[in-house]
Amino acid sequence: MKKKILFLAAIKEEVDLSFLDKYKNVYYLYTGIGKVNSAIALMYYLSQRDKQNFHVINIGTCGSSIHKIGDVFSVSECCEYGSSFVSERIKLVDMSCKVPFCIKKELILSSDFFISSKSMNSKEFCEFSETYYNFDMEVAAEAKVCECYDIPFSAFKIVSDDLTSTIADWKKILKELSPKVENIVRTILENYKLTKF
């Protein structure tokens, strides 16, 4: 049976995935921003379909204290942050070979809020940025859903901020980064040798 790929993005402003409508066995879902929204959206989507042979791939933006804006990396592991605790790590399926311009494989921490020196008190932020370097708001929740359904899950992130930005700054840079996120998706498709209708 053919592999089916489901691409996940938080919002259309991160990447317009409508070009995927032309591909066989390739689907996409905008989950909404945040762990709760993304988990509910993905669970509902999968509950309505035959889950066999799906590979779910999150693509989108993240904050990082060690990478430059525009850098792309493959997520090797993720963990969840909320209410001052960090969950155990979940390993993701390594697909870094499908995107040769990835700089490396990285751990990402998924939070309930936009991680920034402007959104956390200085002591908490300093402790965080010394231990964790890459942050988003969806991957860990989606990884848990896929783990429940025994579905392979991978993620690629492009750095959109250096942890000193605001949500308004993030929204401004999306227009510049969106074509680069699309390029990640197109590169994966080329390396999977998936065909159009």
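The values are calculated or read from the model by the stated rules, or taken from the named source; none is laboratory data. Everything numeric here is computed off the predicted structure, so don't read it as measured data. FYI the Cβ positions are ideal-geometry reconstructions off the backbone, even for glycines, and counts take in every protein chain you see.
The residue pairs whose first member lies in segment 155-178 and is among the β-branched types (V, I, T), whose second member is assigned to a loop (DSSP other than H, G, I, E, B) and surrounded by 15 or more Cβ atoms within 10 Å (Cβ to Cβ), and whose beta carbons are closer than 6 Å, counting only pairs six or more residues apart or on different chains, are V159/H67; V159/I69; V159/D71; T164/S117; I167/F114. Against the test of being under 19 Å from I158 (Cα atoms) and in contact with a Gly (Cβ under 8 Å, 6 or more places away or on another chain), the options E14, E77 yield a single qualifying residue, E14. Here is the figure for segment 1-50: residues that are surrounded by 14 or more Cβ atoms within 10 Å (Cβ to Cβ), part of a loop (DSSP other than H, G, I, E, B) and either in contact with a Leu (Cβ under 8 Å, 6 or more places away or on another chain) or of a type outside the set (G, A, S) (or both) total 9.
Among the residues of segment 68-87, those that are at pLDDT 90 or above and outside any strand (DSSP E or B) comprise K68, I69, G70, D71.
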